[in-house]
Amino acid sequence: MTDTIQSIDYNEASEELRRQIAALQHRVWPDVCTAPKETIPDAHGKEFHARSFFIYADGKLASYAGVVCKTIMHEGKAFKIAGLSSVATDPEYQGRGLGSCTVSGATQWIEQTDTDFGIFTCEPSLARFYEQAGSWQVAPDVILVGSHDEDALSSNNLPVVVLMSLLSEKAKGCESILRHTSIYLDLPVGKFL
Ligand SMILES: CC(C)(COP(=O)(O)OP(=O)(O)OC[C@H]1O[C@@H](n2cnc3c(N)ncnc32)[C@H](O)[C@@H]1OP(=O)(O)O)[C@@H](O)C(=O)NCCC(=O)NCCS
């Protein structure tokens, strides 16, 4: 049995919920995400004020989508950005529409905030999934870069596409500087969206 979608600020989530989110991440990405033990690995850094969207099925956390938010500088202007992060459905429950539901809920939430634009990356084969679930469009002319550090991760060197959605009037008015460009996220080396 599948429940309805739920949402909470990740920083306010109970220890039990954070444990369930970490356990789901471990089931989906066993090589990358460590299993929660005494310590619960953070799904999102506190500084991102992440919003969590999740669905239980059969009493188990079955699907999750996080939204991370930050302000970046681009061409001398400040923009509030948001990106989907840690999107995952338990392998046992994939293909039942749960991922579409969490991504759709997360996207609608972004659209209702004062976010200037949404931006994140995914593997090319998932672009259609994000397009269908949240109308996310591939921006082939935009390079997303973790930071100005020479070791920063970049969409240019990874097997990913950039998904982008200009939301605010400010962002729409700045389209000429937000397209055909590189956007730097100002993240620690090794971190990316
Ligand atoms: C991507 C993911 C979250 C989708 O969750 P889900 O609950 O299975 O999603 P839904 O059932 O709502 O929709 C599945 C759709 O995505 C497609 N899809 C799922 N994984 C895919 C993949 N790797 N490549 C291409 N399409 C994929 C399915 O074919 C399906 O499309 P359809 O509706 O046209 O048949 C899930 O497959 C997953 O956890 N994958 C591993 C982790 C991952 O890659 N996360 C994304 C990080 S950017």
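The values are calculated or read from the model by the stated rules, or taken from the named source; none is laboratory data. Worth saying up front: this structure is predicted, and the values here are computed from it rather than measured. With ideal geometry, Cβ positions are generated from the backbone for all residues, glycine too; neighbour counts draw on all protein chains shown.
The residue that is nearest to SER104 (Cα to Cα), among those in region 46-77 that are exposed (fewer than 15 other Cβ atoms within 10 Å of the Cβ) and in contact (Cβ under 8 Å) with a residue 60 or more places away in the chain, is MET73. Go through the residues of region 109-116 one by one and say whether even a single one is farther than 28 Å from ASP3 by Cα and more than 15 Å from the chain's Cα centre (by Cα). Yes, some residue in region 109-116 is farther than 28 Å from ASP3 by Cα and more than 15 Å from the chain's Cα centre (by Cα). Residues that are in a loop (DSSP other than H, G, I, E, B) and charged (D, E, K, R) are absent from region 9-30. Pairs meeting the criteria (first residue in region 158-170 and modelled with pLDDT of 95 or more, second residue surrounded by fewer than 20 Cβ atoms within 10 Å (Cβ to Cβ) and of a type in the set (Lys, Arg), beta carbons under 7 Å, at least 6 apart or on different chains) are LEU166/LYS172. Among the residues making up region 76-109, those that are within 15 Å of the ligand (Cβ to nearest atom) and either within 26 Å of ASN157 (Cβ to Cβ) or among the aliphatic types (A, V, I, L, M) (or both) are ALA82, GLY83, LEU84, SER85, SER86, VAL87, ALA88, LEU98, VAL103, ALA106.
Taking each residue of region 87-107 that is under 17 Å from MET1 (Cβ atoms) and looking for partners that are near the ligand (Cβ under 8 Å from one of its atoms) and among the β-branched types (Val, Ile, Thr) with beta-carbon atoms closer than 6 Å, six or more apart or interchain, yields LEU98/THR89.
Summed over region 65-93, the residues that are among the small types (Gly, Ala, Ser) and either over 12 Å from the mean Cα position of the chain (by Cα) or more than 21 Å from ASN11 (Cα to Cα) (or both) give a count of 2.
Here the condition is being under 15 Å from the mean Cα position of the chain (by Cα), at pLDDT 95 or above and acidic (Asp, Glu); of GLU131, GLU175, it holds for GLU131 alone.
Inspection of region 52-64 identifies no residue that is at pLDDT below 95, outside any helix (DSSP H, G or I) and under 14 Å from the mean Cα position of the chain (by Cα). Return yes when SER135 is crowded, with 17+ Cβ neighbours inside 10 Å, over 20 Å from ALA62 (Cβ atoms), touching a residue at least 24 places away in the same chain (Cβ under 8 Å) and more than 9 Å from the ligand (Cβ to nearest atom) and no when it is not. Against the criterion (crowded, with 17+ Cβ neighbours inside 10 Å, over 20 Å from ALA62 (Cβ atoms), touching a residue at least 24 places away in the same chain (Cβ under 8 Å) and more than 9 Å from the ligand (Cβ to nearest atom)), SER135 does not qualify. Tallying residues that are of a type in the set (D, E, K, R) and closer than 16 Å to VAL68 by Cβ within region 140-193 yields 2.
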